[in-house]
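Contents: one structure, followed by commentary.
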Amino acid sequence: MRIETDLKLGFKDVMIRPKRSTLNSRSLVSLEREFIFLHSQQKWSGVPIMAANMDTVGTFEMATALANHKLFTAIHKHYSLQEWKEFMQTADDNMTNYMAVSSGIGTADSKKLAAIFKQYPQLKFICIDVANGYSEHFANFVKKTRQQYPDKIIMAGNVVTGEMVEELLLAGADIVKVGIGPGSVCTTRVKTGVGYPQLSAIIECADAAHGLGGQIVSDGGCKIPGDVAKAFGGGADFVMLGGMFAGHTESGGKTIDINGEKFKQFYGMSSETAMNKHVGGVADYRASEGKTVEILYRGAVENTVQDILGGLRSTCTYVGASRLKELTKRTTFIRVQEQQNEVFSK
Ligand code: 5GP
């Protein structure tokens, strides 16, 4: 046994220090970024915020709404080929820049991935997602997927440490997904004791990825627009959101009426609800590592998008970054023991 005593930080442990700036309006800030990805060498531009590949978040409806703002959606892996067909008949060409096809590492997953790409070769992104990206089997799967799809943009994870980011990039990932345990409906830290504070994970993993010419997506733990800004400030190239995009018209999940108020169901992809729905129950050798919650219906996702992008533009003006790309360089975090004033919160 060993103990690491370096302090590791989450979003709640810091604030961003304001800096002198010549920017006099938020409207002068550009949130678009342009990347050329490490292996695929594909060029992408857009606003690097993405909806998580959860069936209560990463839906076709969400992708359509977010693409209007050049935001990205990792489409969840549970759509059938028929559902893909119906969606692709109506989706315009530009949509393929803003969506990924998700896959696990099972044989059925890779067969479905192959079937989707055979029918729709214009799709560009693959999201290979497992709860624990530390297995050798996972890195091998990434390697095989890279060999099979040399020109697709591959996003893979999740991991939280630099050495594993490097291993996945060397195995063929263009973007590494970073985050173990911070998610809003995740119970991994409760059930296993395993995890890593998300801001430190971002800082360390971004450093490792950028050293090799790769990118990271910070996945999980953002509760408010300020957390999204902190994730970018810490060095994330992309930020993935689950809970912040849940509960909207475009989010999947049942709508429930409780005492006349409308709620939407939201659950983790390793929750009992998800496992009952997709794999016929929780296998007896494992525990569910996700929870199910009902959240107050929040209307169209458009309003939430404006709120997040508005917040982010404002962060950039506070630190004098005219482009999102400059935010990390302009960020000085200060360690704090307080966040917002909660005197009037419910
Ligand atoms: P959020 O933005 O809601 O804080 O986090 C979203 C992320 O939580 C997802 O992208 C995924 O990485 C993670 N996640 C989703 N479902 C589960 C689950 O059931 N268990 C765990 N451990 N993580 C989950």
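The values are calculated or read from the model by the stated rules, or taken from the named source; none is laboratory data. Treat the numbers as computed from the prediction; the structure is a model and nothing was measured. Note that each Cβ is placed from the backbone with ideal geometry, even for glycine, and that neighbours are counted across all protein chains shown. Calculation scope for accessible area: heavy atoms of the full protein, side chains included, ligands and nucleic acids excluded. Shrake-Rupley method; radii C 1.70, N 1.55, O 1.52, S 1.80 Å.
Is it fair to say residue 115 is of a type in the set (A, V, I, L, M, F, W, C) and either within 16 Å of the ligand (Cβ to nearest atom) or part of a loop (DSSP other than H, G, I, E, B) (or both)? In short, no. Residue count for segment 161-178 satisfying the condition of being outside any helix (DSSP H, G or I) and either among the charged types (D, E, K, R) or touching a Pro at 6+ places or on another chain (Cβ under 6 Å) (or both): 2. The residues of segment 234-252 that are open to solvent by 30 Å² or more (accessible area, probe 1.4 Å) and within 16 Å of the ligand (Cβ to nearest atom) amount to a single one, 250. Look at segment 180-194: where a residue is touching a residue at least 60 places away in the same chain (Cβ under 8 Å) and near the ligand (Cβ under 7 Å from one of its atoms), no partner that is open to solvent by 40 Å² or more (accessible area, probe 1.4 Å) and of a type in the set (Ser, Thr, Tyr) sits 6+ places away or on another chain with Cβ atoms under 7 Å. The residues in segment 53-102 that are assigned to a loop (DSSP other than H, G, I, E, B) and charged (D, E, K, R) can be counted, and the count is 4.
Of all the listed residues (51, 131), the sole one being in contact (Cβ under 8 Å) with a residue 12 or more places away in the chain and open to solvent by less than 10 Å² (accessible area, probe 1.4 Å) is 51.
Test residue 320 against the criterion of being open to solvent by 10 Å² or more (accessible area, probe 1.4 Å) and out of contact with any Ser or Thr (no Cβ under 6 Å at 6 or more places or on another chain), and give yes or no. Spelling it out, it is not the case that residue 320 is open to solvent by 10 Å² or more (accessible area, probe 1.4 Å) and out of contact with any Ser or Thr (no Cβ under 6 Å at 6 or more places or on another chain). If you go through segment 253-276 and pick out every residue that is at negative phi and either open to solvent by less than 60 Å² (accessible area, probe 1.4 Å) or touching a residue at least 40 places away in the same chain (Cβ under 8 Å) (or both), you end up with 14.
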